[in-house]
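Q: Structure in structure tokens, see below.
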Amino acid sequence: MKIVIAGAGIGGLTAAMCLHRAGFEVDIFEQVSEMRPLGVGINIQAGAVRILSGLGLEPALAATAIETRELRYANRHGQTIWADPRGRHAGLPWPQFSIHRGDLQMILLRAAQEMLGSDRIHFGHRIAGFGQDGKVVKARFAGRDGAIVRETESDILIGADGIHSAVRAHFHPNEGPPKWQGILMWRGVTVGKPYLGGATMVQAGHHTQKFVCYPISRAHAERGEALINWICDLHVGDGALPSREDWNKPGKLEDFLPRFADWKFGWLDVPEVIRSAHTILEFPMVDRDPLPGWSHGRITLLGDAAHPMYPIGSNGASQAILDGEAITAELAKGGDPALALKRYEERRLPPTARIVESNRRRGIDVMLDVVEQRAPEGFSDLDAILPPDELEKIVGDYKKLVAQDRETLLKLAAQK
Ligand SMILES: Cc1cc2nc3c(=O)[nH]c(=O)nc-3n(C[C@H](O)[C@H](O)[C@H](O)COP(=O)(O)OP(=O)(O)OC[C@H]3O[C@@H](n4cnc5c(N)ncnc54)[C@H](O)[C@@H]3O)c2cc1C
């Protein structure tokens with residue numbers, strides 16, 4: 001069976017490798033003419049690391065990334081609200097990795113080139129049109145100048161072409177731009193000193209003003225440094241996006257640093273980390289409404305093309321990776337490919353839609369808002385303002401929802 005994938009991002013490359021492993025003939029078409037290691041930090045949750053480990057990638061990831069030991073939530077004074085061990089440190093069979101997105105992308109690309117053969121990954125090919133005629137999907141790809149450079153025929157087409165998916169837009173021409181609720185994110189990477197043991201992800205503040213940071217480089221850790229990925233979220237408006245979002249738009253310190261000027265935690269000097277950054281990017285926190293369906297005959301969506309979500313709870317890349325495993329499992333069962341794509345959708349659309357919706361309601365970050373509301377100047381007794389059972393419920397509900405609780409993770413691994 002021939003499968004064409006549009007988009008060689010995290011989702012497209014992972015799906016291609018899973019499908020190739022299962023014996024399918026896969027070609028990937030990517031719009032950029034050369035892959036560059038773009039972006040800043042990203043997290044791969046243990047459930048997604050399981051899939052990448054199955055593809056033989058754990059050694060490369062472990063050599064590059066930080067194995068995340070702990071996720072810590074704190075108020076804007078740096079006082080801990082909740083701390084949770086991650087991955088193997090939580091007794092799971094797989095680690096969680098924090099990594100530079102560019103490094104992850106290049107690890108996946110090199111592995112895919114090796115597995116599928118470099119001639120199966122076609123750069124400078126933007127999907128420009130497609131249609132299906134019975135059992136055949138025909139697609140057209142354009143080069144940089146817009147001229148059609150290739151036409152393909154396949155049994156299946158997967159749109160893994162990100163938040164501005166052309167494949168999605170074909171089926172939903174009136175959907176318009178991504179949705180924005182007024183939060184801008186400034187993201188940066190800073191070489192600094194290790195904090196809290198050197199492998200802790202921190203989420204501090206509250207919904208409308210938050211600082212997130214985590215170290216992402218093993219090489220830096222081995223030199224006694226920390227390559228700290230950080231994100232400042234600020235609520236700046238409502239309604240329409242000021243301009244189309246761009247992953248590579250540079251950010252300006254004066255737009256957000258003053259709001260974090262007194263965020264000095266003792267264990268981390270937030271303004272110092274921000275000021276010392278060597279990269280600052282600005283990006284709005286956007287998503288899209290969940291779709292009623294992803295699969296149309298022999299064409300479907302995967303990753304951000306299917307379910308772009310707010311980066312709350314570090315789920316974007318991990319959910320895209322889980323899609324790749326699920327679509328492979330359903331196609332490998334054989335039978336009518338259109339039915340397999342429907343089963344894939346039935347398996348993956350409801351859980352990802354729940355995450356999109358939960359993230360809009362601030363997901364697990366609810367605990368930060370509760371503490372900010374009840375004790376804006378800090379607390380001396382956390383239990384008195386956020387009783388343990390209330391905290392446990394917020395955490396337990398979210399972990400179940402994103403399938404990060406131990407029970408669900410092990411069940412998913414057994415199910416494949
Ligand atoms: C340049 C870039 C930088 C990013 N930086 C970060 C970051 O720092 N932190 C973070 O959390 N997330 C980042 N993301 C998003 C993150 O990668 C995704 O949310 C997540 O990993 C899901 O992956 P995906 O493969 O579905 O989408 P993506 O990783 O967005 O990949 C989609 C791919 O499809 C390609 N594409 C788009 N349109 C077409 C078309 N018409 N035809 C063919 N190919 C097409 C794109 O060039 C891209 O390679 C970034 C995405 C991009 C593209």
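Q: Return the distance in nm (one decimal) between the two label points of a simple spin-label model at Trp247 and Glu346, each offset 7 Å from Cα along Cα→Cβ.
A: For Trp247 paired with Glu346, the spin-label model returns 3.3 nm.
Q: With contacts defined as alpha carbon pairs under 8 Å and 6 or more residues apart, what's the relative contact order of the chain in percent?
A: Reported as a whole number, the value is 20 percent.
Q: Further question on the same structure: With a 1.4 Å probe and all protein chains kept in place, how much accessible area does Ser53 have, in Å² rounded to the nearest 10?
A: Ser53 exposes around 30 Å² with every protein chain in place.
Q: Shifting gears a bit: For region 1-54, just say rounded, prolate or oblate: build the C-alpha gyration tensor, square-root its eigenvalues into a ≥ b ≥ c, call rounded for a/c under 1.5, and beyond that prolate if a/b exceeds b/c, oblate if not.
A: Numbers: a/c = 3.19, a/b = 1.11, b/c = 2.87.
Taking the square roots of the gyration eigenvalues as a ≥ b ≥ c, region 1-54 is oblate.
Q: To the nearest 20 debye, what charge dipole does the chain have about its Cα centre, counting +1 at the Cβ of each Lys and Arg and -1 at the Cβ of each Asp and Glu? If you can, show how the numbers build up before the last one.
A: Working: 49 positive and 52 negative charges, 122 e Å.
Around 580 debye, computed over the chain.
Q: Apply the a/c threshold of 1.5 to the C-alpha gyration tensor of region 338-388 and tell me whether it is rounded, prolate or oblate.
A: It comes out prolate by the Cα gyration axes.
Q: OK, next. What does the extension gain come out to for Arg88 and Glu390, with contour length at 0.36 nm per residue minus their alpha carbon separation?
A: Working: separation 302, 0.36 × 302 = 108.72 nm, distance 2.62 nm.
Fully extending the segment from Arg88 to Glu390 adds 106.1 nm.
Q: For the chain, what is the accessible area per residue in Å², given a 1.4 Å probe and the full set of protein chains?
A: 41 Å²
Q: Anything in the chain that counts as a DSSP H helix reaching 18 Å or more along its axis (C-alpha) with Kyte-Doolittle mean of at least 0.5? List them, would you? Intermediate results must be reported in sequence, preceding the final value.
A: Details: long enough: 101-116 (22 Å, 0.23); 316-332 (25 Å, 0.55); 337-360 (33 Å, -0.94); 388-401 (19 Å, -0.91).
Membrane-span-like by this rule: 316-332.
Q: May I ask which residue of Val191, Gly102, Gly237 lies farthest towards the positive end of the charge dipole of region 97-238, with charges of +1 (Lys, Arg) and -1 (Asp, Glu) on Cβ and the Cα centre as origin?
A: Final value for the positive-end residue is Val191.
Q: Take the Cβ-Cβ distance between Asp369 and Arg140 as r, set R0 to 45 Å, and report the resulting FRET efficiency rounded to the nearest 0.05.
A: The pair Asp369/Arg140 has a calculated efficiency of 0.40.
Q: Label region 153-220 by shape, choosing from rounded, prolate and oblate, from the square roots a ≥ b ≥ c of the eigenvalues of the Cα gyration tensor; if a/c is under 1.5 it is rounded, and otherwise prolate applies when a/b is larger than b/c, oblate when it is not.
A: On the way: a/c = 4.10, a/b = 1.83, b/c = 2.25.
It is oblate, given that a/c is not under 1.5 and a/b is not larger than b/c.
Q: Right, something else. Label points 7 Å out from Cα along the Cβ direction at Leu410 and Lys2: separation in nm?
A: About 4.5 nm separates the two model spin labels.
Q: How about region 235-324: which GluC sites (Glu not before Pro) there are in a DSSP loop, with at most 13 other Cβ atoms within 10 Å of their Cβ?
A: Nothing satisfies the criteria.
Q: In addition: Do any GluC sites (Glu not before Pro) in region 307-416 lie in a loop, going by DSSP, with at most 12 other beta-carbon atoms within 10 Å of their beta carbon, and if so which?
A: Those that pass, being in a loop and sparsely packed, are Glu377.
Q: Enumerate by residue number the GluC sites (Glu not before Pro) in region 145-189 meeting two conditions: DSSP loop (anything except H, G, I, E, B), and at most 16 other Cβ atoms within 10 Å of the site's Cβ.
A: Here the GluC sites (Glu not before Pro) that fit, given the DSSP loop and packing criteria, are Glu175.
Q: Still on this structure, I have one more. What's the carbon and sulfur percent of the chain's accessible surface, probe 1.4 angstrom, rounded to a whole number? The partial results should precede the final answer.
A: Details: 8510 of 17040 Å².
Its accessible area is 50 percent carbon and sulfur atoms.
Q: Here's a follow-up. Using DSSP, restrict attention to beta bridges with both residues in the chain and report what percent are antiparallel, rounded to the nearest 5.
A: Details: 57 of 76 bridges.
In the chain, approximately 75 percent of DSSP beta bridges are antiparallel ones.
Q: In nm, give the distance between the simple-model label positions of Arg110 and Ala147, each being 7 Å from the Cα along the Cα-to-Cβ direction.
A: 3.5 nm
Q: Mind checking which of Ile51, Ile163, Pro337 is farthest towards the positive end of the chain's charge dipole, using Cβ charges of +1 (Lys, Arg) and -1 (Asp, Glu) about the Cα centre?
A: Pro337
Q: Sticking with this one: Quick one: what does P(r) look like for the chain with 10 Å bins over all Cα pairs, in whole %?
A: Histogramming the chain at 10 Å steps yields 5, 22, 33, 26, 11, 3, 0 percent.
The values are calculated or read from the model by the stated rules, or taken from the named source; none is laboratory data. On a predicted model such as this, the values are computed, not experimentally measured, just so you know. Every residue, glycine as well, gets a Cβ built from its backbone with ideal geometry; the counts of neighbours run over all protein chains shown. Ligands, DNA and RNA are excluded from the accessible area calculation, which covers all protein heavy atoms including side chains. Shrake-Rupley method; radii C 1.70, N 1.55, O 1.52, S 1.80 Å.
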